[in-house]
Structure formats: structure tokens, C-alpha cells
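**Q** This is the structure I want to talk about, given as C-alpha cells.
The values are calculated or read from the model by the stated rules, or taken from the named source; none is laboratory data. Keep in mind the model is a prediction, meaning the values are calculated, not measured. Cβ placement follows ideal geometry from the backbone for every residue including glycine, while neighbour counts extend to all protein chains displayed.
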Amino acid sequence: MLDVSEIFGPTIQGEGKKIGTPSIFIRFGRCNFDCNGFGVEYTTPSGVKKFGCDSYYAVDSEFKKFWKSYENHLEIVAEVEKILPADYKPDIVITGGEPMIYWKNEEFQKLLEYYVTNRFNVTIETNGSLDIDITKSYQQDILYSISVKLSNANESYKKRVNFRALEEMITKSKKSYLKFVIDENHKNSIEEIKDILSKLPNAQVFLMPMGDSKDEIVKNSLYVIELCVKYGYKYSDRLHIRVWDNKRGV
């Protein structure tokens, strides 16, 4: 069973290496992290106030009643077909939650294979913490956008940094890259990143400002840009938040 929080687009990719690219998003439900350190306040359907990431509705199981469960990958393909533009193929972005929870699911793999073999550019947005094995050629053609969590996510190092998984994606798919969410309140972020890169010397790195609103992005972006210039990393804006604020489905 594949639990999907939402399917939307076409819109643009708002962050990372392919920022600005027309894309359709398939957002899977469930995650292995809470990331309450990111400080996005929300209220669950039962009325409980919590903190998490800006995709809390695909992470917190209390929202599961709003997800749709699919038994067959072709059911998802059919949903995507309804919003595919007639004149071009947008990128297909597999996101979450944490989509790698479904990596060993046969229908999940069939979904990936379908889009790759039909000449769509496919991105998987992942936190990179779960063990996977990339053994198929279509899996190697996927761009793995790996948002490794730093201590500002308030998750343990052992849980959030999995060098086996990171090396598997970076070495098996040459398109893959790392992106880190940065804010001014955590001054040790660069040291954490350097520690990770000491074991992954060939990884391409993007830094992104923390925030789930355009005001937060504006507040943190200059600091992050200065870090990029100082240390030679690439800057990624969060364009979808800057343009649409925290509106969903765009």
C-alpha cells in the first residue's frame, strides 16, 4: 500500500539543483523524523498543537485520514495523467514525508521505473537516513535530492546521518546532491556540514534558508548567502515559499 498525502502541479520546483523547473509533485505520507527543531507550529485534527517541519501534514500520522492509499502504481499514474500538460513533460518529483520508507515496496519501484522509462526526469527528495540499495539502471537515472538533517532539526546524529545510504546515492547516481537547511540561530552548522563532507568528499552541496513563510526566508537568506560565499557552497532559495508563502499545492 502506498500512502499519498497529495499530488499537485504542474508548478515549479522551488529549491535545490532544479529550482524553477516545471514539475509535478507526488507527496508520500509518513516519515521517520519529527524535526520539531524546525519550529513550524501546527494543530493536529484532534486539536493538539505541535512543532515540526513545513510538510507536517505528510509526516504526522494524525493527518492520515486525509491521505489516499493506492494498491497499484498505475492508480497514481492515472491521477498524474489528469494534470499532465499537453505540450511537454514536466519533472516528476517524489517527495514526502520520507518517500524512501517505500523503497522496498514493489509498486513504488514500478512507479519509479514507469516514469524513468517513459523519459520523465525524476527527482526523489529524501532525508537520506534510510538504507537503500541502488541496483537497477532506472534507479541510477534518478536525481536524489538529499536533505541531510543537521542538529537544528532536533534529531539524534545516529538517526539522521547514514553514511552508507548517502554514499550509495551519491556514487550510484551522479546527479545527486546534498542540501542543508540553515538558520542564524545555529552557528555550528558549518562544522557539522564539514564533518559530513569529510566522509563524502565528492558531494555537491547546497545551503538553504530555514523558514515556512516568506518573512522567515527573507530573514535567513542573507546569512545563508554569506555562508555560501565564504565556504564555496551553492545557494538554494526556497522559491515556492517566497512566492506563495505557506500555501499548499503550488
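**Q** Scanning region 132-149 for residues that are out of contact with any Asp or Glu (no Cβ under 6 Å at 6 or more places or on another chain) and of a type in the set (S, T, N, Q), which turns out nearest to Val181 (Cα to Cα)?
**A** Once the filter is applied, the top-ranked residue is Ser147.
**Q** Looking at Asn105, Asn32, Asn72, which one is modelled with pLDDT of 95 or more, of a type outside the set (Lys, Arg) and under 21 Å from Asp212 (Cα atoms)? Steps first, answer last, please.
**A** Working: Asn105 fails: under 21 Å from Asp212 (Cα atoms); Asn72 fails: under 21 Å from Asp212 (Cα atoms).
Going through Asn105, Asn32, Asn72 in turn, just one is modelled with pLDDT of 95 or more, of a type outside the set (Lys, Arg) and under 21 Å from Asp212 (Cα atoms): Asn32.
**Q** Go through (1) under 14 Å from the mean Cα position of the chain (by Cα); (2) in a helix (DSSP H, G or I) and name the single condition Lys110 misses.
**A** All conditions pass for Lys110, except number (1).
**Q** Do we have any residue at all in region 108-117 that's of a type in the set (A, V, I, L, M), in contact with a helix residue (DSSP H, G or I) (Cβ under 9 Å, 6 or more places away or on another chain) and surrounded by fewer than 20 Cβ atoms within 10 Å (Cβ to Cβ)?
**A** Initially, region 108-117 is screened for residues of a type in the set (A, V, I, L, M), giving 111-112, 116.
Then drop every residue that is not in contact with a helix residue (DSSP H, G or I) (Cβ under 9 Å, 6 or more places away or on another chain), which leaves 111-112, 116.
After this cut, where a residue has to be surrounded by fewer than 20 Cβ atoms within 10 Å (Cβ to Cβ) as well, the list is 116.
Yes: one or more hits.
**Q** Looking only at region 144-203, which residues are of a type in the set (Asp, Glu) and farther than 23 Å from Ser55 by Cα?
**A** Matches in region 144-203: Glu167, Glu168, Glu191, Glu192, Asp195.
**Q** Another question, then. For region 224-250, what are the residues that are surrounded by 15 or more Cβ atoms within 10 Å (Cβ to Cβ) and of a type in the set (Phe, Trp, Tyr)?
**A** Scanning region 224-250 gives Tyr233, Tyr235.
**Q** Within region 124-138, can you find the residues that are in contact with a Phe, Trp or Tyr (Cβ under 8 Å, 6 or more places away or on another chain) and assigned to a strand (DSSP E or B)?
**A** Of everything in region 124-138, those that are in contact with a Phe, Trp or Tyr (Cβ under 8 Å, 6 or more places away or on another chain) and assigned to a strand (DSSP E or B) turn out to be Ile124, Thr126.
**Q** Regarding region 139-155, can at least one residue be identified that is closer than 18 Å to Ser5 by Cα, in contact (Cβ under 8 Å) with a residue 12 or more places away in the chain and assigned to a helix (DSSP H, G or I)?
**A** No, because not a single residue in region 139-155 is closer than 18 Å to Ser5 by Cα, in contact (Cβ under 8 Å) with a residue 12 or more places away in the chain and assigned to a helix (DSSP H, G or I).
**Q** Also, I was wondering about something else. Six or more apart or on different chains, Cβ under 8 Å: which pairs go from a residue in region 187-199 that's farther than 13 Å from Tyr231 by Cα and touching a residue at least 24 places away in the same chain (Cβ under 8 Å) to one that's among the aromatic types (Phe, Trp, Tyr) and surrounded by 11 or more Cβ atoms within 10 Å (Cβ to Cβ)? Could you list them?
**A** Close Cβ pairs (under 8 Å, with a partner that is among the aromatic types (Phe, Trp, Tyr) and surrounded by 11 or more Cβ atoms within 10 Å (Cβ to Cβ)) amount to Lys199/Phe163.
**Q** When region 156-165 is examined, which residues are found to be touching a residue at least 12 places away in the same chain (Cβ under 8 Å), surrounded by fewer than 19 Cβ atoms within 10 Å (Cβ to Cβ) and in a helix (DSSP H, G or I)?
**A** Once the filter is applied, which keeps residues that are touching a residue at least 12 places away in the same chain (Cβ under 8 Å), surrounded by fewer than 19 Cβ atoms within 10 Å (Cβ to Cβ) and in a helix (DSSP H, G or I), region 156-165 yields Lys159, Phe163, Arg164.
**Q** Among residues belonging to region 178-195 that are buried (at least 20 other Cβ atoms within 10 Å of the Cβ) and out of contact with any Pro (no Cβ under 8 Å at 6 or more places or on another chain), point out the one that is farthest from Asn127 (Cα to Cα).
**A** Ser189
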